[in-house]
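No lab work stands behind these numbers, since they all come straight from the coordinates. Since this is a predicted model, take the numbers as computed values, not measurements. Don't worry about glycine lacking a Cβ; one is built from the backbone with ideal geometry, like all the others, and counts go over all protein chains shown.
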Amino acid sequence: MHDITRGENSPATIVAAAKPLLAKLVQRPDCVESKFKKRGATEYGRYMLHRAPRFNVTAVVWGPGDGAKAHNHDTWGLVGVVENEIQETRFRRLDDGAKTGYAKLEVKNVLKNSAGTVSCLVPPDDDIHEMNNVSDRNTVEIHVYGKDLAEMPRLRFDVANDSVKTFASPKYQNC
Ligand SMILES: [Fe+2]
């Protein structure tokens, strides 16, 4: 990832190069330590595994019924499923963002990403999704992003009401 991101600013280029590496990693259930495969006490688990200047690697654990409403990332990203599966809904934004608080999204795809799958986020036009664990078990993922998303303002969409607000993810459980 250091080699891939060094001197490279194109999200599409970075994601294309990183995808096969993460796909190989998530083939191994032991690629995440068991202490980072636990859901949080009150919400989904988030753990920082590796911080670097131009990317970071986190583990995310969705319990049954956990999810994240439609949101953007404001950076490139890869989401690899290590255990179980996740339902991912991908959206296209139809408006130009000029009207404060307004956003019109259209569903592109509803995917069922099983273990071994890597999903890619490529801003600015393909980085809005919603995640839902509709199964009865924990889902373990590895996320790789170009920015640290903890406490970083970004967008969360209310798709049914055509509205958008800023939000920020909380800090990680382990640091
Ligand atoms: Fe996301």
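The chain: Rg/Rh from Cα coordinates, Kirkwood Rh?
The Rg/Rh ratio comes out at 0.94.
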Any idea which of 86, 111, 161 is furthest toward the positive side of the dipole for the stretch 2-167, if Lys and Arg beta-carbons carry +1 and Asp and Glu beta-carbons -1?
86
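Going through the cross-link list 108/147; 24/108; 69/147; 69/108; 37/108, which pairs have a Cα-Cα distance over 22 Å in this structure?
From the list (108/147; 24/108; 69/147; 69/108; 37/108), the Cα-Cα distance tops 22 Å for 108/147; 24/108; 37/108.
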What distance in nm lies between label points placed 7 Å from Cα along the C-beta direction at residue 169 and residue 10?
2.6 nm
Quick one: compute the contact order of the chain, relative version, from alpha carbon pairs under 8 angstrom and 6+ residues apart, as a percent.
28 percent
Hey, in the GNM for the chain with a 10 angstrom Cα cutoff, which one of 30, 66, 127 fluctuates hardest?
30
Inter-probe distance in nm under a simple model that places probes 7 Å from Cα toward Cβ, at residue 33 and residue 125
4.2 nm
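What does the charge dipole of the chain about its Cα centre add up to, to the nearest 20 debye, if the Cβ of each Lys and Arg holds +1 and the Cβ of each Asp and Glu holds -1?
300 debye
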Between the stretch 67-139 and the stretch 145-161, the alpha-carbon center distance in angstrom
11 Å
Here the gain from full extension of residue 3 to residue 94, 0.36 nm per residue of separation minus their alpha-carbon distance, amounts to 29.2 nm
Over the chain, with a Gaussian network built from C-alpha contacts below 10 Å, which listed residue (161, 72, 132) shows the highest mean-square fluctuation?
161
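Please give the FRET efficiency for residue 23 paired with residue 162, using the beta carbon to beta carbon distance and R0 = 45 Å, rounded to the nearest 0.05.
Details: r = 35 Å, r/R0 = 0.79.
For R0 = 45 Å, the calculated efficiency reads 0.80.
Classify the stretch 1-100 from the C-alpha gyration tensor, please: rounded if a/c falls under 1.5, else prolate or oblate depending on whether a/b exceeds b/c.
oblate
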Anchor residue 38: aspartates and glutamates whose Cα lies under 20 Å away (excluding residues fewer than 8 positions away in-chain)
30, 66, 83, 85, 136, 141
